[in-house]
Amino acid sequence: MKHLVAPSLLASDFGRLNEEITLINESTADWLHLDIMDGKFVPNISFGFPVLKAVQKIVEKPMDVHLMIVEPERYIDRFLDMGASMITVHYEVCPHLHSTISQIKSSGAGAGVALNPHTPVESLRDILAELDLVCIMSVNPGFGGQKFIPHTLEKIRALKQMIVQQNASCLIEVDGGITLENAGSILRAGVDVLVAGSTVFKSANPKDTVSKLKSLSMDTLKV
């Protein structure tokens, strides 16, 4: 499967929301990634339902919703009503993870689990077969524009091995610090979905940057 590119709206200019989303609609991006932050699980607040409702009216790409919030199960139905195609919750805040994943999947949306940099991929061994996506955080969540944590590559390889061993079908997504310079090594490690925020929205030509990320091929990637 060709890898997917999911620009992160967090890095966009919210004063030009319509234009920024239209830009993504017209690009070769596969998904629009939306980081929902509550100021509790992560030390930042991003945007909530009013902004998401505005996004829903404009966006033509599937919405990849990443919940960086405590008690995500309380809000899943509302995010589904807003048109989320994929909902990802954090392992670190879900004491009844299987139940939360079942809640998402029963609605017809894809269900994902995100892991913070310090959380081992082994934590997902007993639920991996139930997941549609695993999001590996390659920065500490809460703020955009951070540098990629190199150890993430080892986590990706370990997760890929687990997926193969279990004959699971979930995608591996990586979120944080992805650039045109390091995307090749990240994809070679086994990633299926690249989340890129500042690299896309802060570039001189965002649509061209998305195309460059999308056009990377396994034949030309360097280790």
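Within the range 185-219, track down each residue that is among the acidic types (Asp, Glu) and out of contact with any strand residue (DSSP E or B) (no Cβ under 6 Å at 6 or more places or on another chain). Hits for the range 185-219 are Asp208, Asp219. Looking across Lys2, Lys40, Lys57, one residue alone is surrounded by fewer than 21 Cβ atoms within 10 Å (Cβ to Cβ), within 19 Å of the chain's Cα centre (by Cα) and among the charged types (D, E, K, R). It is Lys2. Filtering the range 87-126 to residues that are closer than 19 Å to Thr152 by Cβ and of a type in the set (A, V, I, L, M) leaves Val113, Ala114, Leu115, Val121, Leu124.
Within the range 132-154, the set of residues being surrounded by fewer than 19 Cβ atoms within 10 Å (Cβ to Cβ) and among the β-branched types (Val, Ile, Thr) comprises Ile149 only.
Among the residues of the range 129-141, those identified as in a loop (DSSP other than H, G, I, E, B) and either at pLDDT 95 or above or over 19 Å from Ile87 (Cβ atoms) (or both) are Leu131, Asp132, Ser138, Val139, Asn140. Filtering the range 98-131 to residues that are out of contact with any strand residue (DSSP E or B) (no Cβ under 7 Å at 6 or more places or on another chain), under 20 Å from Val42 (Cβ atoms) and surrounded by 17 or more Cβ atoms within 10 Å (Cβ to Cβ) leaves only Thr119.
Per this entry, Thr179 is counted among residues that are hydroxyl-bearing (Ser, Thr, Tyr) and out of contact with any Phe, Trp or Tyr (no Cβ under 7 Å at 6 or more places or on another chain).
In this structure, is Pro95 of a type outside the set (Gly, Ala, Ser), without any contact (Cβ under 8 Å) to a residue 12 or more places away in the chain and exposed (fewer than 14 other Cβ atoms within 10 Å of the Cβ)?
yes
Among the residues of the range 106-141, write down those that are touching a Leu at 6+ places or on another chain (Cβ under 9 Å) and touching a residue at least 60 places away in the same chain (Cβ under 8 Å). Across the range 106-141, the qualifying residues are Gly112, Ala114, Leu133, Cys135. For the range 8-20, the tally of residues that are surrounded by fewer than 22 Cβ atoms within 10 Å (Cβ to Cβ) and either of a type in the set (Phe, Trp, Tyr) or closer than 21 Å to Thr88 by Cα (or both) stands at 2. As a summary of the residue check, Ala111 satisfies the conditions (1) part of a loop (DSSP other than H, G, I, E, B); (2) on the phi < 0 side of the Ramachandran plot except for the one numbered (1).
Do we find that Asp38 is in contact with a Leu (Cβ under 9 Å, 6 or more places away or on another chain) and modelled with pLDDT under 95 in this structure?
Answer is yes for this residue.
The values are calculated or read from the model by the stated rules, or taken from the named source; none is laboratory data. For clarity, every value in this text was computed on a predicted model and none was experimentally measured. Here the Cβ is made from the backbone with ideal geometry for all residues, glycine too, and neighbour counts use every protein chain on show.
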